[in-house]
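Please read the structure below before turning to the comments.
Since every read-out is calculated from the coordinates, none of them should be taken as a lab result. In this text the structure is predicted, and so the values were computed from the model without any measurement. FYI the Cβ positions are ideal-geometry reconstructions off the backbone, even for glycines, and counts take in every protein chain you see.
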Amino acid sequence: MDGFEHLRTFAEVAFQGSFSRAAGRLGISKASVSKHIATLESRFNVRLLNRSTRSVSLTDAGRLLQARCASLMEMIEQTTSELQARGSHPSGRLLITAPHGMVQTAFPRLLGDFLTCYPDVQLDLKLSNRMIDLVDEGVDIALRFGRIGDENLIVRRLRRMGLTLCATPRYWARRGIPSQPDDMRKHDVLAYSVMPGPPQIAFEVDGQPYNVSIHGRMDANDASALIGAALADIGAVCVPDLLAQPYVESAQLVPVLQNFMPSDIWLYAAYTQRRQNSAALRAMLAMLEVRMRDSPTPLAVSRDAAPAPL
């Protein structure tokens, strides 16, 4: 039995003026009540209660503990109630990290809908394209694109996402359209530099991952900057389908090597614990899954958010 239960027992005895009535209120035996009080008196090395066969009264030390204990017990009870509510009712602060490119999609609207559904939740959104340590930075949910590695994280697959390798018609006319992945070695590529190491493009050949080292004309950790440079005929860019979609549809960018694009790229949610997560975290995961599953274009890019050509 921990110190909180000992103090709780003392407070009840002091209020009831009786070991028996306190035992009944707490749902424990009279012997247990006596043991808890004896443990406190032994720990503090002072008598807290005067006992007789008919009554119980507080000593001077007991009155001091009762006065200090009242506010402490109220705070503990309130905190216990709030913590239990966090587990059953979505509330409190939820820290989410996501790639910068997500703000060009319908993701901000999803967050708005979530806040409307759960008014007791406060969201803290951190945009970052780097792989961060969720525990060190106190992140509840990290949204990520890419192949799912063997990380010490719980992963919820949200939606399979394709990649588009593309450039402007003028660039392909000038440099030639590639017919196989290795052709990209002779092209200027605008590289998405999130992972360490030399720039590469991820392909899939005969069902297996096949990475091609490329000449990075420009490196950036944000896909929007790369798309803007691609629109200026600087080179080819490989970005998630949902970011390239409006430019491909308007013929500003032309995709190539579509049959070699990897099939194991996901938008996924990563978090650190499988059990005892807050109700707010569980609600957010549920909304993400529903939107990804039920909408054919759950994160369609808004043309209004598209970067202008350089």
Taking the chain as a Gaussian network, Cα atoms linked when under 10 Å apart, which of Ala244, Ala142, Ala14 shows the biggest mean-square fluctuation? Ala14
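Calculated FRET efficiency, Arg43 and Arg21, Cβ-Cβ r, R0 35 Å, to nearest 0.05? Don't skip to the end; give the middle numbers.
On the way: r = 24 Å, r/R0 = 0.69.
Efficiency computed from Cβ-Cβ geometry: 0.90.
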Relative to the present Cα-Cα distance, how much length would full extension add between Ser34 and Asp264 at 0.36 nm per residue of separation? 76.4 nm
For a quick check, take a GNM of the chain with Cα springs below 10 Å and name the residue from Gly17, Gly228, Gly101 with the largest mean-square fluctuation. Gly17
Taking amide H positions as placed in the peptide plane 1.01 Å from N, state which residues far from Asp219 in sequence (5 or more) or on other chains have amide H under 5 Å from it. Ala191
Assign one of three labels to the chain, namely rounded, prolate or oblate, based on the Cα gyration tensor with a ≥ b ≥ c the square roots of its eigenvalues; rounded applies when a/c is under 1.5, prolate when it is not and a/b is larger than b/c, and oblate otherwise. prolate
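For Arg147 and Met75, compute 0.36 nm times the residue count separating them, minus their Cα-Cα distance, and round to one decimal in nm. Don't jump to the answer; show the numbers that get you there.
Values: separation 72, 0.36 × 72 = 25.92 nm, distance 4.62 nm.
Answer, rounded to one decimal: 21.3 nm.
Provide the percentage of antiparallel DSSP beta bridges, counting only those with both residues in the chain; round to the nearest 5. The partial results should precede the final answer.
Numbers: 27 of 43 bridges.
For the chain, the DSSP antiparallel bridge percentage is about 65.
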Looking only at Ser213, Ser278, Ser29, which one moves most when the chain is put into a Gaussian network model with springs between Cα atoms under 10 Å? Ser29
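Please give the FRET efficiency for His215 paired with Arg157, using the beta carbon to beta carbon distance and R0 = 25 Å, rounded to the nearest 0.05. Write out the running numbers ahead of the final one.
On the way: r = 33 Å, r/R0 = 1.33.
Calculated transfer efficiency: 0.15.
Which value in Å does the Kirkwood hydrodynamic radius of region 110-258 take, with 1/r averaged over all unlike C-alpha pairs and then inverted? Present the calculation step by step, with values, prior to reporting the outcome.
Numbers: mean 1/r = 0.0578 Å⁻¹.
This gives a value of 17.3 Å.
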Sorted largest first, extent of region 3-88 alpha carbons per principal axis (Å): 45, 24, 19
